[in-house]
1. Got a sec? What order do S97, S3 fall in by accessible area at 1.4 Å, biggest, i.e. largest, first?
2. Students often check this: by mean Cβ neighbours within 10 Å, which of 113-119, 78-84, 48-54 ranks highest, and how do the rest follow?
3. Please give the per residue volume of the convex hull enclosing the alpha carbon atoms of segment 44-88, rounded to a whole number of Å³.
4. Measure up K81/K123; K59/K81; K102/K123; K54/K116; K72/K99; K59/K102 against 19 Å on the Cα-Cα distance and list the ones that go over.
5. What is the mean projected area of the alpha carbon convex hull for segment 53-124, to one decimal in square nanometres?
Amino acid sequence: MRSAITALLVALVVATASAFTGTPLQLARTSPAATQSTRSTLVMRERACDLLGKTANRKARVVTFSHKRIHKVQQVNLQWKRFYSDDLGRRVRLRLSCKGIKTVNKYGSIDAAAKKFGVNLAKF
């Protein structure tokens with residue numbers, strides 16, 4: 001009985017010693033996604049029309065029944081729209097307001113509208 005307890009204590013000491021002398025603990029963990037060198041292509045864009053430059057109306061007010069005036073933001077009605085550019089020979093994808101889409105229809109092509117408003121379509 002005494003030898004069994006001694007053997008058990010020796011096994012416990014050996015197990016404890018080998019547990020602390022193993023591979024070192026990594027304190028700074030890095031995920032596989034963080035170690036990749038490629039960066040994200042996601043770019044936060046301003047909510048503005050690419051052709052006309054229309055932005056949100058930040059001075060709109062709501063008048064309640066008790067005649068309180070509360071400020072609210074009226075956002076621009078932006079739509080993603082693809083047009084074929086004859087000058088570039090490819091399609092361009094723009095984020096236009098509905099008024100901007102009507103302006104392109106008025107001028108007949110995206111090239112004429114971009115020339116009128118000084119927009120470089122090569123970056124789209």
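The values are calculated or read from the model by the stated rules, or taken from the named source; none is laboratory data. Please read these numbers as outputs of a predicted model, since none were measured by experiment. In this analysis, Cβ positions are derived from the backbone assuming ideal geometry, glycine residues included, and neighbour counts consider all displayed protein chains. Remember, those area values only see protein heavy atoms, side chains included, never the ligands or the DNA or RNA. Shrake-Rupley method; radii C 1.70, N 1.55, O 1.52, S 1.80 Å.
1. Ranked from most to least accessible, the order is S3, S97.
2. Ranked by mean Cβ neighbours within 10 Å, highest first: 48-54, 113-119, 78-84.
3. Dividing the Cα hull volume of segment 44-88 by its residue count gives 103 Å³.
4. On the way: K81/K123 15 Å; K59/K81 28 Å; K102/K123 22 Å; K54/K116 16 Å; K72/K99 22 Å; K59/K102 25 Å.
Distance filter (> 19 Å) returns K59/K81; K102/K123; K72/K99; K59/K102.
5. Projected over every direction and averaged, the Cα hull of segment 53-124 covers 5.9 nm².
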